[in-house]
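Working notes, structure below.
The values are calculated or read from the model by the stated rules, or taken from the named source; none is laboratory data. Here the structure is a predicted model, which is why all the values come from computation and not from measurement. Note: ideal-geometry Cβ built from the backbone for every residue, glycine included; neighbour counts use all protein chains shown.
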């Protein structure tokens, strides 16, 4: 088994705000991130896959096909987007890095089976909101 | 506890399988199949697992680890054309995946008594692409 990881970037804006909280509670919970106009990040996304090395190609995955799945399902919709208004999952979900991780993970997992029916498996993802703030889902190191 | 040592080497390679035709190699690997090769600055991270020795406080003597990495990986790999100069890449396509497996094979014998244990080999072909191999 080998794990291969590819790193991507996208820039998006968001505002951390919950309709279930009062304006005061929102400010208290999210601080500056609750600024009504929103703010942006250069997100970095790491996607890891795990599988066996194909004996002919020496590769664990077709990188072009890998890039295409991530592009189509994550980067194209999210790059230069406002996560709160442009990404349907966030209509009623606060776009924290944690929830963004869940959304990205779900999108990739839904697309994975038809894109790579014979493997490799999607291992996990990691999202850097900044260099110092990182979330990780499932097997990704 | 894990300790991770990072080293770098620069090498050229061509991603082509000698059993395939030029056309098939181009279809499979794109521009990376160029028979004249191209190069990368590879970064290797080796993770060693163990408990700190009660006397030295070390999981492993880092001088020793550095010497092993230099002798078994950097010396044979650095400033080489992998396909022509570094077996098994005369027969095996030198993808990042296969490089990680080969480096593991080269290092494993130095950790045979299991203390400390070789835990992982991570090879970055570029900052945006890396593989992990755990044996």
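Just wondering, is there one or more residues in the range A:76-83 that are touching a strand residue (DSSP E or B) at 6+ places or on another chain (Cβ under 7 Å) and exposed (fewer than 15 other Cβ atoms within 10 Å of the Cβ)? Looking for residues that are touching a strand residue (DSSP E or B) at 6+ places or on another chain (Cβ under 7 Å) and exposed (fewer than 15 other Cβ atoms within 10 Å of the Cβ), one finds at least one in the range A:76-83, hence yes. Here residue A:70 fits the description: under 11 Å from the mean Cα position of the chain (by Cα), buried (at least 20 other Cβ atoms within 10 Å of the Cβ) and within 14 Å of another protein chain (Cβ to nearest Cβ). Note on the range A:1-17: residues that are touching a helix residue (DSSP H, G or I) at 6+ places or on another chain (Cβ under 9 Å) and at the interface with chain B (Cβ under 7 Å from one of its Cβ atoms) amount to 3. Residues satisfying the criterion are absent from the range A:99-111 (criterion: touching a strand residue (DSSP E or B) at 6+ places or on another chain (Cβ under 9 Å), exposed (fewer than 13 other Cβ atoms within 10 Å of the Cβ) and touching a residue at least 24 places away in the same chain (Cβ under 8 Å)).
Inside the range B:91-108, residues that are within 13 Å of chain A (Cβ to nearest Cβ), assigned to a helix (DSSP H, G or I) and in contact with a strand residue (DSSP E or B) (Cβ under 8 Å, 6 or more places away or on another chain) make up a count of 7. Filtered by the rule that a residue be within 20 Å of residue A:60 (Cα to Cα) and over 12 Å from the mean Cα position of the chain (by Cα), the range B:74-88 gives B:83, B:88. Give the range A:77-94 a look and list any residue that's under 18 Å from residue A:34 (Cα atoms) and either under 11 Å from the mean Cα position of the chain (by Cα) or part of a helix (DSSP H, G or I) (or both), or say none. The answer is A:83, A:84, A:85, A:86, A:90, A:91, A:92. Of all residues in the range B:109-132, those that are within 14 Å of chain A (Cβ to nearest Cβ) and surrounded by fewer than 16 Cβ atoms within 10 Å (Cβ to Cβ) have Cβ atoms under 7 Å from Cβ atoms of residues that are assigned to a strand (DSSP E or B) and modelled with pLDDT under 95, 6 or more apart or on another chain, in B:126/B:40. Within 11 Å of another protein chain (Cβ to nearest Cβ) and in contact with a strand residue (DSSP E or B) (Cβ under 9 Å, 6 or more places away or on another chain): is that true of residue B:49 in this structure? No.
Which of the residues belonging to the range B:16-37 are surrounded by 12 or more Cβ atoms within 10 Å (Cβ to Cβ) and touching a strand residue (DSSP E or B) at 6+ places or on another chain (Cβ under 9 Å)? Selection gives B:32, B:37.
Residue-by-condition table, conditions (1) closer than 24 Å to residue B:129 by Cβ; (2) at pLDDT below 95:
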{"residue": "B:22", "(1), (2)": "no, yes"}
{"residue": "B:28", "(1), (2)": "yes, yes"}
{"residue": "B:72", "(1), (2)": "yes, no"}
{"residue": "B:77", "(1), (2)": "yes, no"}
{"residue": "B:106", "(1), (2)": "yes, no"}
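Residues in the range A:27-35: is at least one loosely packed, with under 14 Cβ neighbours inside 10 Å and within 20 Å of residue B:132 (Cβ to Cβ)? Looking through the range A:27-35, none of the residues is loosely packed, with under 14 Cβ neighbours inside 10 Å and within 20 Å of residue B:132 (Cβ to Cβ). From the list B:54, B:76, B:88, the lone residue that is within 14 Å of chain A (Cβ to nearest Cβ), free of Cβ contacts under 8 Å to residues at least 40 places away in the same chain and within 26 Å of residue B:111 (Cβ to Cβ) is B:88.
Beta carbons closer than 6 Å, at least 6 apart along the sequence or on distinct chains, pair a first residue in the range B:30-45 that is on the phi < 0 side of the Ramachandran plot with a second that is modelled with pLDDT of 90 or more and in a helix (DSSP H, G or I) for B:33/B:25; B:33/B:26.
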